[in-house]
Amino acid sequence: MQVDTQEIEAPRLGEPYLLTPGPLTTSYAVKEAMLRDWGSWDDDFRAMTRKMRDDLLALLGDAKGDYDCVPIQGSGSYCVEALLGSFVPKDGKVLVLANGAYGLRAAQTMEYLGREYHLVNKGDYLPPRGAEVAEVLAADPAISHVLIIHCETSSGILNPVEELADAAHAAGCKVLIDSMSAFGAIELDAARVKYTAMVSSANKCIEGVPGFGFVIARTAEIEAAKGNSHSLSLDVHAQWATMQKTGQWRFTPPTHVVAAFVKALEGHAAEGGVAGRGARYTRNRDVMVGGMRELGFETLLADRWLSPIIVTFFCPADPKFDFTQFYENMKAKGFIIYPGKLTVVDSFRVGCIGQMDEAVMRRVVDAARDSLAEMGVASAAPPEAALDERKKLAA
Ligand SMILES: *Cc1c(COP(=O)(O)O)cnc(C)c1O
């Protein structure tokens, strides 16, 4: 399929590129789609909502007949809360697999819900593995659901979803997936993984603007979720039932955001869908990581675990390096980077998603080289402590 390279020339408005995992740099066409007002009850907007749900389901391929799509107002975390509150019965128990901030936020959500959970916390970035999931599930038969983070955006690690889902299913548990930062760019084969439900949001790999997220769940599971939710506004079953009946959202929908998202889905299809988008992001990552390594930077993760979504780099050991200054220097060159989230050593992150291609990523590396030079940093090599930290991954 033809890739419209014009679209990749964003941002046209003189804004910096957002090398962040959402909000991210969107195409001009996506921004332009927001220049019109829509009546939320009107047929035209209802048709738009229907098309959006159908287009998202189409990304599931052969399994799409078993699933339905329910958009939910709010940011991604609202959808995670809707997911947990709607699909886990009040007497259910969730195994939360955490290796970063988003897994821990899901556990915190379970606290708020007042429902049972067991947290496996792997720290900043170590992947949970199938064998330990099997062990935990064998020891605790009360666990009914397993929550898997697909790409843990805080380190950028791509967790082994299939292995984890297999372990959950083998123990008779249902699988819930936070695919927020992966859906649309990384294959998640519903015919193979057979998850109960997953969530993502408008402003990640589909490249829309923030304002809503969506749950994709087995239709039978949505029907069975009636009465589970703790929350009126985050009740997936109620939102779905209303949409099935009237074609409308319950409560005010983010109309402009939906219009922008439908435009973003067109761009996604034109690029070749999940495979095409994933290929561009992978190329973005490879070019950017290759260039950064030439400057002496080291990634937190070994290549095997590096997602094409966002990459964590250790801050250089050179005492002249100062992250705040580096950030400002990069911003002055047109690139917004992202602080790190590791607790042990200093780090920063560079996102690969949004309207950017490898030519942009080469400019990112040039900007990093110039920014280091401006600070008088000779080498971007990390401190020993960082490399010790990384050895844990290999162990
Ligand atoms: C972005 C993201 C979320 C949701 O974050 P919000 O700030 O609420 O949009 C949840 N999980 C993961 C893995 C994410 O990347």
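Laid out as a table, the results:
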quantity	calculated
Aspartates and glutamates whose Cα lies under 13 Å from that of Lys320, excluding same-chain neighbours fewer than 8 positions away	Glu374
Pairwise label distance in nanometres, Asp54 with Asp140, each label 7 Å out on the Cα-Cβ vector	4.3 nm
Mean ellipticity per residue at 222 nm, deg cm²/dmol - from DSSP H runs of n ≥ 4 across the chain, formula -39500 (n - 2.57)	-13000 deg cm²/dmol
Order of Cys205, Cys173 under a 10 Å beta carbon neighbour criterion, fewest first	Cys173, Cys205
Spacing of the two label points (7 Å from each Cα toward its C-beta) at Ser379 and Arg304, in nm	2.8 nm
Cβ-based exposure ranking for Phe261, Phe321, in which fewest neighbours within 10 Å come first	Phe321, Phe261
Cβ-based net charge around Arg277, under 10 Å, with every Lys or Arg adding one and every Asp or Glu removing one	-1
Fewest-first ranking of Asp322, Asp178, Asp43, Asp166, using other Cβ atoms within 10 Å as the exposure measure	Asp43, Asp322, Asp166, Asp178
Distance between region 197-275 and region 346-395 - C-alpha centres, whole angstrom	35 Å
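FYI, it's all coordinate maths here, none of it is from the lab. All of these numbers come straight from a predicted model, not from anything done at the bench. Quick reminder, even Gly has a Cβ in these numbers, built from the backbone with ideal geometry, and neighbours come from all protein chains shown.
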